[in-house]
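For reference, the structure discussed in these notes is given below.
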Amino acid sequence: MACFRPVCEIATKRKLQRGEILFHQGDEVDTVYLVKEGSFKMVRVTVEGQEVILQILTPGEVIGEAALFQKKCHPASAVALEETKVCSINRAHMEEVIKRTPDLAWQVIASLGSRLYAVWDQVAELNTLTTREKVLSLLMRLAREHGEACPEGTRIKFHLTQQEMASMVGASRVMVAQALKELAANNYLYREERYYVLKHRCF
């Protein structure tokens, strides 16, 4: 996070509540955002009207890096999953900061690379795994990237509904609910208030 300090010093700060939209699919890409607190889901609506969650973004991650490379439209909407805080900076100012801060440029490149590999993994999973395997793989990935240790295993630190998980794995909410029930019955996970906890045996 230290390399992002120059961004936050000149950026505009914004606070959003769960369900609020940072930007819409189709909006012009002219701003880069840094997630300071909370989390976002990136949601794309297909031509058939189906919602697909492409990824989850948490503190320290950047949204809208495409603004640095090309002037196009956002391919998805950014929706707050909880109370969130972001820093925003326009394209011109971000380019100036990156020229002065090589570490920041490298961080942006690393972020783009990790997302590319994540997309490849998700495509492979969607084509080869059962719904139960997809749900477990999703939760394991979220636990690795955004989890915190607890006595029973790893707690995923933000709230995901069954419908949101269904949108991420390409299945119906009913199928996801059944998969979660089976995973809980087989002692892979349990629900702690609004959050899922993966047992140690998952890792």
Practice prompt. Scan region 149-160 for residues that are surrounded by fewer than 21 Cβ atoms within 10 Å (Cβ to Cβ), at pLDDT 90 or above and closer than 21 Å to E61 by Cβ and report the count.
Written response: 2
Worksheet item: Which one is nearest to T84 (Cα to Cα), of the residues in region 125-158 that are touching a Ser or Thr at 6+ places or on another chain (Cβ under 9 Å) and assigned to a loop (DSSP other than H, G, I, E, B)?
Response: F158
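I'd like to check something: does region 162-173 contain any residue that is in a helix (DSSP H, G or I), farther than 15 Å from L138 by Cα and more than 19 Å from the chain's Cα centre (by Cα)? Talk me through it step by step, then tell me what you get.
Keep residues of region 162-173 that are in a helix (DSSP H, G or I), which gives 162-169, 173.
After this cut, where a residue has to be farther than 15 Å from L138 by Cα as well, the list is none.
Within region 162-173 (the criterion being in a helix (DSSP H, G or I), farther than 15 Å from L138 by Cα and more than 19 Å from the chain's Cα centre (by Cα)), the answer is no, since none of the residues qualifies.
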Worksheet item: Which of the residues that make up region 29-60 are farther than 18 Å from K85 by Cβ, among the acidic types (D, E) and either touching a residue at least 12 places away in the same chain (Cβ under 8 Å) or buried (at least 16 other Cβ atoms within 10 Å of the Cβ) (or both)?
Response: D30, E51
Response to the item:
Per the list (1) at positive phi; (2) at pLDDT 85 or above; (3) open to solvent by 50 Å² or more (accessible area, probe 1.4 Å), residue check on G26 breaks on (3)
Item to complete: Please enumerate the residues belonging to region 10-67 that are touching a Phe, Trp or Tyr at 6+ places or on another chain (Cβ under 7 Å) and of a type in the set (G, A, S).
Response: S39, G64
Worksheet item: Tell me, which residue of region 63-72 that is hydrophobic (A, V, I, L, M, F, W, C) and touching a strand residue (DSSP E or B) at 6+ places or on another chain (Cβ under 6 Å) is modelled with the lowest pLDDT?
Response: A67
Worksheet, complete the sentence: Within region 169-191, the count of residues that are without any contact (Cβ under 8 Å) to a residue 40 or more places away in the chain and open to solvent by less than 60 Å² (accessible area, probe 1.4 Å) comes to 3
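The values are calculated or read from the model by the stated rules, or taken from the named source; none is laboratory data. Please read all numbers here as calculations on a predicted model, not as lab measurements. Methodologically, a virtual Cβ is constructed for each residue, glycine included, from the backbone with ideal geometry; neighbour enumeration extends over all protein chains shown. In case anyone asks, the SASA skips ligands and DNA or RNA and just uses the protein heavy atoms, side chains included. Shrake-Rupley method; radii C 1.70, N 1.55, O 1.52, S 1.80 Å.
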